[in-house]
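Notes to accompany the following structure.
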Amino acid sequence: MQITTCPLDCFDSCSIIVDDEGNLKGNKNHPITQGYLCHHLNNYHKFPRIKKASFNGTEIELDKALDILSEKLSQSKNDKVLYFKGSGNLGSMQSITKNFFAQYGAVLTKGGLCEDAGTYGIEEGRGSSLVLSPNIVKDSEIVIVWGRNCSVTNSHMLPALKGKTLIVIDPRVTTLAKQADLHIQIKPRRDIYLALLLARVAYMEQMEDVDFIEKRCQNFDNYLDLITGIQIRELIDKAGVSLSDVGEVLSIIKNKKVSILVGIGVQKYDIGHSVLRAIDSFAAMLGLFGKVGCGVGYIDDSSYGFKKPFKVEAKHKVAMQEVDFGKFDVSFIQGSNPMTQLPCTLKVKEGLEKSKFVVYFGLYENETSKMADLVIPAKDFLEKEDLKLSYGHEYIGYMPKIFDNKDCISEYEICSFLLDKFGYESLLSEREYIDEIVTSNSFEKDGFFASKSYEKLPYEEKFHTKSGKFEFFDDFDDDFDEQDGEFYLLAVKQNKSLNSQFVHDDFLKVPPSLSLKDGDIVKLNNKKYSCEYEVRVDESLRDDCLALYSGGKYSNFLTPNKSSQEGYGAIYQEIKVNLEKA
């Protein structure tokens, strides 16, 4: 038996025991994941993988596939080659392929499809985005879960919520919302106004931590001008909540140890960076950073403080959600399924059809691999050496090579092959890179390695801005047209899928108020595109909301392929749609 770590794009980074037959079970000794695994890992071997390389639909040997790849690259202009990497696997070694493509001069992507806008906002205020680990949340008295569905996306946080007073802010009645002491069923896209309203009323109630603000913050006066410069009635209208709801939240959290857990849904908008700045600034006004049982948790910059041996400077970059595959002679797609995950599916499909040569390098057959000219099967996390830096807790997970697979190739191996083929400098060994990362910022804790960034409470001594202080925000620009459509279209997570991996549900979720029934066919349009969906009635939704699971085949037909104001984040929910029965 050997111990390894789950590499999937998830907060939990489960510690796993693997037996000689490859069966997976939870490692009871891990301080966070404590011996239980999620649905994906419990069914991991049930999902069929790509076992052989293929070229134009015909299976070929791996060596032949690599020769075809190198030949196509040698025949192409550097700026006509795109390197497009997803986050289907978050092992540190997955980024090593950038080493080759950056030296080659290919176009790389910037930004991302997940947390990038929100992270940008957090880093403007704090200088870094450090995790609020379950080890911190367990000492809280009050937990505000703001747009995060822990039952689906962060199940190993649930033990830390036991016995806490729970406030949920979410447009849907999630499982956690049903258990909450207070649920505010906010309108989508109104989170920034709720954060400003909470701060405004808290200031009126003299709840600000004056000592914390004076000693550890900057720009509070300008922030005060912002929150007091908007009429309370306007904030109430824009937030779409009642003043009594705000009063109840503040009465519950007053003089308590409060943790705020924020999900990525709140920032899938043009103003996504400002949303996180607003939530962070409200928390800072209350003095909730650097104290036991307090803080704001988002998606951690898991690599913070560690050496980054694969960080590269690319000559050419394009925002991931704005990629036009049709402009490239070679599109190398690694660990991603842009045919369902990128916004504006029809533009993606059109681009992939125009791209002269599409390479798919990954584990599973999907909508993108079916469009590829060359398919190269990747090794899974049991077949290669790697390291997982969790974005949900402080512990580091080592992944040893347990099994061999000569028909597939790892990211390290394909990078080594291409570097040698094109005459670039060879790589160090995998273990040397892993050791370099681990030793750069780790210490032993509870029998595991953990990030040194958490030897003390995050931000206990300083923030990581240039001033060392928290920087309040003082302005934002919001020109979204609320009248542009009848319904907000939400992108939500499903417990059986992980974005487009594993099992995905393509149904459109609709509120009961529409008097539709399961199986009805409806058409959605955003004045530019339209798409038909089969309906499933969902009592968790507000009457002005529709929802699609983020991994669904038709989930992004209508979403805009634009970037957030800052951070080059995808803005999936920056849209309203109209519905008609087909």
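Annotations for the structure displayed:
- Cα gyration tensor of the stretch 220-263 - equivalent ellipsoid semi-axes, whole Å, descending: 21, 16, 11
- Kirkwood hydrodynamic radius over Cα pairs of the stretch 288-358, then Stokes diffusion coefficient at 25 °C and 0.890 mPa s, in µm²/s: 157 µm²/s
- In the stretch 170-244, one over the average inverse separation of all distinct C-alpha pairs is 13.9 Å, which is the Kirkwood hydrodynamic radius.
- Spin-label proximity, Asn56 to the stretch 371-408 - amide N less than 16 Å from point 7 Å beyond Cα toward beta carbon: 371-375
- Spacing of the two label points (7 Å from each Cα toward its C-beta) at Lys528 and Leu158, in nm: 4.0 nm
- Highest-first packing order for the peptide set 108-121, 398-411 is 108-121, 398-411, based on the mean count of other beta carbon atoms within 10 Å.
- Over the chain: Kirkwood hydrodynamic radius from C-alpha pairwise inverse distances, Å: 24.8 Å
- Most to least packed among 527-538, 8-19, 419-430 [average Cβ atoms within 10 Å]: 8-19, 527-538, 419-430
- Of the solvent-accessible surface of the chain, computed with a 1.4 Å probe and all protein chains present, 44% belongs to carbon and sulfur.
- For the chain, adding -39500 (n - 2.57) for each run of n ≥ 4 DSSP H residues and dividing by the number of residues yields -7000 deg cm²/dmol at 222 nm.
- Distance distribution note for the stretch 242-296: the fraction of Cα pairs above 16 angstrom is 51%.
- Note on the stretch 1-92: the C-alpha convex hull projects to 8.7 nm² when averaged across all orientations.
- Rounded to the nearest 10 degrees, the inclination of helix 62-74 to the longest alpha-carbon principal axis of the chain is 80 degrees.
- If you bin all the Cα-Cα distances of the stretch 119-233 at 10 Å, starting from zero, the percentages per bin are 11, 33, 40, 15, 0.
- Local net charge near Phe473, Cβ-Cβ under 9 Å (Lys/Arg +1, Asp/Glu -1): -4
- For the listed peptides 513-522, 293-302, a ranking on the average number of other beta carbons within 10 Å per residue, highest first, reads 293-302, 513-522.
- Length gained on full extension, Ile232 to Asp20: 70.0 nm, using 0.36 nm per residue less the C-alpha separation.
- Folded to 0 to 90 degrees: helix 116-126 orientation relative to the chain principal axis, Cα: 50 degrees
- Extended-chain gain in nm, criterion 0.36 nm per residue less alpha-carbon gap, Lys308 and Lys215: 30.2 nm
- Contact order normalised by residue count of the chain, Cα under 8 Å, 6+ apart, percent: 22 percent
- The stretch 409-514, Rg to Rh (Cα coordinates; Rh as Kirkwood inverse mean 1/r): 1.14
- Cysteines (scope the chain) whose Cβ has no counterpart Cys Cβ under 4.7 Å: Cys10, Cys38, Cys114, Cys150, Cys217, Cys294, Cys344, Cys408, Cys415, Cys531, Cys545
- For the residue pairs Lys98/Lys421; Lys311/Lys379; Lys528/Lys562, the C-alpha atoms sit more than 18 angstrom apart in Lys311/Lys379.
- Karplus-derived HN-Hα couplings along the stretch 476-488 (A = 6.51, B = -1.76, C = 1.60, θ = phi - 60°), whole Hz, x at Gly and Pro: 7, 10, 10, 10, 5, 8, 5, 8, 6, x, 8, 10, 6
- Solvent-free Debye scattering, log10 I(q)/I(0), computed from the Cα coordinates of the stretch 288-447 at q = 0.12, 0.13, 0.17 Å⁻¹: -0.74, -0.86, -1.25
- Value of Rg to Rh for the stretch 423-582 (Rh from inverse mean 1/r over Cα pairs, i.e. Kirkwood): 1.14
- In the stretch 470-527 the Cα-Cα distances spread across 5 Å bins starting at 0 as 4, 10, 16, 16, 16, 13, 11, 7, 5, 2, 0 percent of all pairs.
- Distance cut-off 14 Å, percentage of C-alpha pairs in the stretch 175-216 lying past it: 66 percent
- Flagged links, alpha-carbon separation over 18 Å, of Lys28/Lys401; Lys110/Lys315; Lys268/Lys576: Lys28/Lys401
- Rg in Å to one decimal, and Dmax rounded to a whole Å, for the stretch 497-582 via C-alpha atoms: 13.4, 40
The values are calculated or read from the model by the stated rules, or taken from the named source; none is laboratory data. All values derive from a computational prediction rather than experimental measurement. Every residue, glycine as well, gets a Cβ built from its backbone with ideal geometry; the counts of neighbours run over all protein chains shown. Note: accessible area is taken over every heavy atom of the protein model, side chains too, but ligands, DNA and RNA are not part of it. Shrake-Rupley method; radii C 1.70, N 1.55, O 1.52, S 1.80 Å.
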